[in-house]
Every structure is written in C-alpha cells, then in structure tokens.
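The values are calculated or read from the model by the stated rules, or taken from the named source; none is laboratory data. The model shown is predicted, which means the values in this text are computed figures rather than measured ones. A quick note on method: Cβ atoms are made from the backbone with ideal geometry, for glycine too, and the neighbour counts reach across all protein chains shown. The protein model used for the area step is the full one, side chains on, heavy atoms only, and it has no ligands, DNA or RNA in it. Shrake-Rupley method; radii C 1.70, N 1.55, O 1.52, S 1.80 Å.
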Amino acid sequence: MLSQIAFWGAVELGLVFAFVAIGVFLAFRVLDFPDLTVDGSFPLGAAVAAVLITVGINPWLAAAAAMVAGAAAGTVTAFLNVRFRILNLLASILTMIALFSVNLRVMGKPNVALINADTMLSPFFGLGLREVYVRPLFVGVLVVIAVIAVWRFLESDAGLAMRATGANPRMSRAQGIDTSWQVYLGLALSNALVALGGALFAQTNGFADVTSGVGTIVVGLAAVIIGETLFGARGILLALIGCVVGSILYRIAIQLALSTDALGLKASDLNLVTAVLVAVALVLPRLRRGASS
Amino acid sequence: MIDLSNIHVTFGKGTPLQKEALKGVNLTIEEGSFVTVIGSNGAGKSTLLGVLAGDVLANEGKVMIGSTDVTRKSTSARAGLVARVFQDPLAGSCGSLSIEENLALATRRGERRGLRSALGPRRREIFRERIAELNLGLENRMKDRMDLLSGGQRQAVSLVMATMAGSDVLLLDEHTAALDPGMAEFIMKLTQRVVSERKLTTLMVTHSMRQALDFGHRTIMLHGGEIILDVSGDSRKDLQVEDLIAMFRKMRGETLDDDALLIG
Ligand SMILES: Nc1ncnc2c1ncn2[C@@H]1O[C@H](COP(=O)(O)OP(=O)(O)O)[C@@H](O)[C@H]1O
Ligand SMILES: [Mg+2]
C-alpha cells in the first residue's frame, strides 16, 4: 500500500497534470487537432514561472506570464497549420522541438531551483494545515476553477463554435464560423492551460527542468482516456471531470506500480510503465465496445 | 436578390485535369423567387451553388447577393446572407452535438458568438417549438445526439436550422436525393412551406424533372457550364416532364457526337 505522503503526493501531481489533461482534451477532442506542442509548452510554463519568480516577480503574475507564453506556443502551431497548411501533427512537432531550445534560452541553464523563493503556495503554508494537504488542496481549488471556466466556455455560443469546428468544419463555415480563427483560439487556450500546469509543477516541486516535458502529451492523453472510460460521453462537464479524475487515478496507479516491491520497478522504469498504462487505457474502451456489440 | 454576371470557374487551372465548370454564367433572380436547377451530372449545378455559398471563388465575374458584392468573400464571411442544406444528411449538422446544440449554432449564423450560454431557457423553448412544428416527435429528443437521427430527420432539422437566423438566400443541393421516397416527399413539402412562409430567394438543385417543374417559379437547365434553358411563367406551365427529358436526350446526343468527332 501507499504511505499517506506518497498518496497525497500522487493526488497533487495528478491535479497539476489535470491542467494538461484539460488542455489535451481541448485540442484532441474538441478541436480534433492532435497537438504535441504540450511537450514543449509544459516545460515552457515551468521555465517562465521559475525564472520570473527567482527575479522577484509576484508568483501569480509569473503564472499568468507562463500562460501567455503557452498561448503563444499554441499560436505558433496553429499558424504553421492554418497559414502554411502543414499537417497538424507535424506542425505541433516542429513547435515542440523549437521549444526545447527556447526553454533553455528562457532559463539560461538546464535547471532552475525555487527552494527558498515565495511561490503561490507560500501564504497558505502557515495556516496550520500540514503541507502534504495544503498543496493538493491549493492546486485542487485552481483545478475546480479551471473546470468551471472551461465548461461554461464550451457551453457558450463561442465555445459551441469551437466544438462545431472540430466536429464538422464545412458545416461550421456555412454557419459563419471562421474555422481558422477557432484553431488559433483553441490551441492558444489549450497550451495556456498546459503551461499553467507547468508553472504549478515548478512551484509545487521547487524547480523547473528542461527535460520535465518529455512525455507530457502521453500523460495528458492517458488521463483523458481514463476519464472517458470511466464516464463515457455524457456531456462536457463530465468529460472535464473525467480529465481530472483520470489524471489523479493515473498518478496513483503509477505510484502503486512503483511502490509495489514485488514488481521490482525503479523510477527509471516510469516511461515503460506509462506506455503500458496508456496502451491498456487505449485498448480497454475498444474491448468494452467489442463486448457490448 | 441574386445577381451573377459573367461567372467563369475553372478547376485545376494549368494542370492536365483543367476543367471549365462554369463558362460565363449570367443569372438574375429577384427577391423571394424560387428557382429550380436541373442538368446532367457534371453540368456545373453544384459549382453554381458553390459560387453563391463561397465554397468556390469565381475566376472571373461578379456575385451580388442583395446589395452586397460577395465575389471575394469567404464562406464564413457571407454566411449571414446564405442558408444551405446539403445533399448528404450528415454534412449539414454536427453528429456529435445534440439537436438543440445544432439549433443554437444555427441561430447565430453570420453573427458574433459571445460567452452567453448557448442554451438558455428562452432559446430552449423556441427551439422546442420550432422542432415540434415538424411533427416528427423530435421535440422530446432535443438532447439526443444528431447522429442518432435518420437521414430524413436530419434533413428536416437542417431545414429548420437554415431558417433559425434571417438570410437572403436559401441554397438546396439535391437535398432529398439521399432519402427514401416517402421522406423525400415530406422534406419537399416542408421546403415548400418554409420558402413561402419566409419569402426566401431559393435555388434548388434537383435530379427530378417532376420536382423541377412542380416546385418554384422558374426552372433553369445547365449543360457544360452554361445555362441552356430558362423558363418561367406561362411557358413553364406548358412544359411537360417529357419535354425536359427530350431536351436531356438531345444534349446527351450532342456530347456523344462531339466525342465521336474527337475519336474519329
Ligand atoms: N473541386 C473540384 N476540382 C476539380 N474539378 C471539379 C471540382 N468540383 C467540380 N469539378 C468538376 O466540375 C464539373 C462540374 O461539377 P459539378 O458542379 O459538381 O456538377 P453537378 O452539375 O453534377 O453538380 C465536373 O466536371 C466536375 O468533375
Ligand atoms: Mg452536384
């Protein structure tokens, strides 16, 4: 079994990556745009926030700046796809690769530590609650706000236009929706959320690292798929809650796999475990569909 | 009002597959007039509707809808003026969205889409009423996904969607072709009602000579990218389906002769 600390640590990490999951949901499911930019925009958010915090900028402002940077990254991918008609997947890979260099430039070194710096969480540590609880609670509140905001947006006229763009672009244009603009908007929003996840990751873990982005997309996708497997297609709100629950369950599953001595897994096996979990998550719905039909 | 002057459309210009789909089409349709369009496969009917909708930009000529020059406007930029129902029942709505969400999309056609909830109680009520008018029982399935509906039901909802927001022009491209005869008849009656109630300037492409003569005020026949027949009023009343079929035969005969000449 998991220790208390390991469990709440997994929940906290799951909540941080819930932002990634919601971002991935927006790109992959709402816009039908397989966007790998997130592998670059997650560490970008971490880098921007960490660097700004170390020079004394307010951590909330730093997180906002991280979101702007993420939105810019998404806009670049959208630009490559919309303006130059580069295949969506390839366009996002180009941005992702470019971001590895950009992130190094932003930080000036591969790793920035935030050990004694004031973060968004600092004011909440002195209130009597133990740190292991404060951190998931704090991130959890932000996740709830994000879920509600994205939910209300997707159920508005503007959000409906974005969903239509992903579902039937030809019909959307006939309804007066500028589908190119929707791709810009959707990818900017998606990557802003992912970058916010990166900024929170840096602040809860006390560092930003250029390599921390590797595999972000797979983790986000795993969360989305787990959520869909659990909740099915029953509306936007449940899909978003599914992203959050999926992200937390994913982290707990990873934590369990790593801490089960019988399995003999090490932290360095994480990528293998992730790949296996995502493969299982991808196969499960298909098996279920096969069984029901 | 619609005014097309000297419309030329060439697909794949400069390639071996170059195809002149419209060759200097001139067409004026007055406000509120219902025009049926016939012609053999590849005659340029869909291209003509595409030029009006914005999917196809003319290489030459001018397209006016009402008092707006839309010649170079994109599909989405002119959507406020043009409502459409496609041949493919899947094409005109979003299968993964619910009936009411599709209607919500349609109410804002050609208008700014803000952060207001797409499905407030007022709108829901209006949508329900409009769908109930169809008498298909769909008003009790407003939250059902569109892809649970049959082709005919989807076309019926598409017609309602086409009239949710005001527009000058309604374009129908063989919108009953994919349906069984009973449903096709239902959709045609509905079309008739919608067009006369809302006084829409309408172009309807059809493969049925019967439909072409029975509905609307005027019939045009396209052939090889040109309008070769344009009848209305009394001369149209006198026209029989047999006459149209004879004209079709003649046209096909001519093309055969052309081909024979080429081969010979
Ligand atoms: N996007 C396109 N690219 C190339 N050729 C096209 C395209 N659309 C139509 N055509 C050609 O233009 C001609 C007219 O097509 P269309 O307007 O679809 O005819 P129809 O009267 O059957 O609707 C046909 O020869 C067709 O092959
Ligand atoms: Mg056609």
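Residues that are open to solvent by 10 Å² or more (accessible area, probe 1.4 Å), assigned to a helix (DSSP H, G or I) and either more than 7 Å from chain B (Cβ to nearest Cβ) or closer than 12 Å to B:R112 by Cα (or both) within the stretch A:166-178 comprise A:G166, A:P169, listed in sequence order. Among the numbered conditions (1) more than 14 Å from every other protein chain (Cβ to nearest Cβ); (2) part of a helix (DSSP H, G or I); (3) of a type outside the set (S, T, Y); (4) open to solvent by 60 Å² or more (accessible area, probe 1.4 Å), the only one that A:R152 does not meet is (1). In this structure, is B:R130 within 14 Å of chain A (Cβ to nearest Cβ) and open to solvent by 10 Å² or more (accessible area, probe 1.4 Å)? Judged against the criteria, B:R130 is not a match.
Of the conditions (1) within 14 Å of chain A (Cβ to nearest Cβ); (2) away from ligand 1 (no atom under 14 Å from the Cβ), B:D55 satisfies every one except a single condition; which number is it? Of the numbered conditions (1) within 14 Å of chain A (Cβ to nearest Cβ); (2) away from ligand 1 (no atom under 14 Å from the Cβ), the odd one out for B:D55 is (2). Of all residues in the stretch A:207-222, those that are free of Cβ contacts under 8 Å to residues at least 60 places away in the same chain have Cβ atoms under 9 Å from Cβ atoms of residues that are open to solvent by 30 Å² or more (accessible area, probe 1.4 Å) and assigned to a helix (DSSP H, G or I), 6 or more apart or on another chain, in A:A222/A:L277; A:A222/A:L282. Of the residues in the stretch B:67-83, at least one is at the interface with another protein chain (Cβ under 8 Å from one of its Cβ atoms), of a type in the set (V, I, T), within 22 Å of B:H175 (Cα to Cα) and without any contact (Cβ under 8 Å) to a residue 60 or more places away in the chain. Could you tell me which residue of the stretch A:77-117 is farthest from A:D35 (Cα to Cα), considering only residues that are open to solvent by less than 80 Å² (accessible area, probe 1.4 Å) and of a type in the set (S, T, N, Q)? Filtering first and then ranking leaves A:N111.
On the basis of being more than 10 Å from chain B (Cβ to nearest Cβ), surrounded by 24 or more Cβ atoms within 10 Å (Cβ to Cβ), part of a helix (DSSP H, G or I) and among the β-branched types (V, I, T), does A:V194 make the cut? Taking the combined requirement at face value, the residue satisfies it.
Of all residues in the stretch B:21-61, those satisfying the criterion of being in contact with a Lys or Arg (Cβ under 7 Å, 6 or more places away or on another chain), within 15 Å of ligand 2 (Cβ to nearest atom) and modelled with pLDDT of 95 or more are B:V37, B:A53. Selection of first residues in the stretch B:20-44 that are near ligand 1 (Cβ under 8 Å from one of its atoms) and of second residues that are basic (K, R) and open to solvent by 10 Å² or more (accessible area, probe 1.4 Å), restricted to Cβ pairs under 9 Å at least 6 apart or on distinct chains, gives the following pairs, ordered by first then second residue: B:G39/B:K45; B:S40/B:R252; B:G42/B:K19; B:G44/B:K23.
Per the conditions (1) within 16 Å of ligand 1 (Cβ to nearest atom); (2) surrounded by fewer than 21 Cβ atoms within 10 Å (Cβ to Cβ), the sole criterion not satisfied by B:L172 is (2). When the helices (runs of 4 or more DSSP H) confined to the stretch A:216-293 are screened for residues that are farther than 30 Å from A:R152 by Cα and at pLDDT below 80, those reaching at least 2 such residues are found at A:270-292. The condition (being in a helix (DSSP H, G or I), more than 14 Å from chain B (Cβ to nearest Cβ), closer than 21 Å to A:V20 by Cα and open to solvent by less than 50 Å² (accessible area, probe 1.4 Å)) is satisfied by just one residue among A:V139, A:V132: A:V139.
Set side by side, the residues A:I248, A:I236 differ, and just one is under 16 Å from A:V143 (Cα atoms) and touching an Asp or Glu at 6+ places or on another chain (Cβ under 8 Å), which is A:I236. In the stretch B:1-35, which residue that is more than 20 Å from B:V231 (Cβ to Cβ), in a strand (DSSP E or B) and β-branched (V, I, T) is most open to solvent (accessible area, probe 1.4 Å)? In this case the residue turns out to be B:T10.
Of the residues that sit in the stretch B:91-102 and are under 16 Å from A:R170 (Cα atoms) and away from ligand 2 (no atom under 16 Å from the Cβ), which one is nearest to the chain's Cα centre (by Cα)? Residue satisfying both the conditions and the ranking: B:S93.
Taking the stretch B:178-222 as the range and being within 16 Å of ligand 1 (Cβ to nearest atom) and either within 14 Å of chain A (Cβ to nearest Cβ) or touching a helix residue (DSSP H, G or I) at 6+ places or on another chain (Cβ under 8 Å) (or both) as the test, the residues that pass are B:A178, B:L203, B:M204, B:V205, B:T206, B:M209, B:Q211, B:A212, B:T219, B:M221, B:L222. The set of residues in the stretch B:96-115 that are in a loop (DSSP other than H, G, I, E, B) and either at pLDDT 95 or above or more than 8 Å from chain A (Cβ to nearest Cβ) (or both) comprises B:L97, B:R108, B:R109, B:R112, B:R113, B:G114, B:L115.
Every residue, every condition in (1) more than 16 Å from ligand 2 (Cβ to nearest atom); (2) farther than 19 Å from B:A43 by Cα; (3) open to solvent by 30 Å² or more (accessible area, probe 1.4 Å); (4) polar (S, T, N, Q), yes or no:
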{"site": "B:L200", "(1), (2), (3), (4)": "yes, yes, no, no"}
{"site": "B:H207", "(1), (2), (3), (4)": "no, no, yes, no"}
{"site": "B:H223", "(1), (2), (3), (4)": "no, no, yes, no"}
{"site": "B:K237", "(1), (2), (3), (4)": "yes, yes, yes, no"}
{"site": "B:R249", "(1), (2), (3), (4)": "yes, no, yes, no"}
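Restricting the stretch B:67-80 to residues that are open to solvent by 20 Å² or more (accessible area, probe 1.4 Å) and among the small types (G, A, S), which is farthest from ligand 2 (Cβ to nearest atom)?
B:S67
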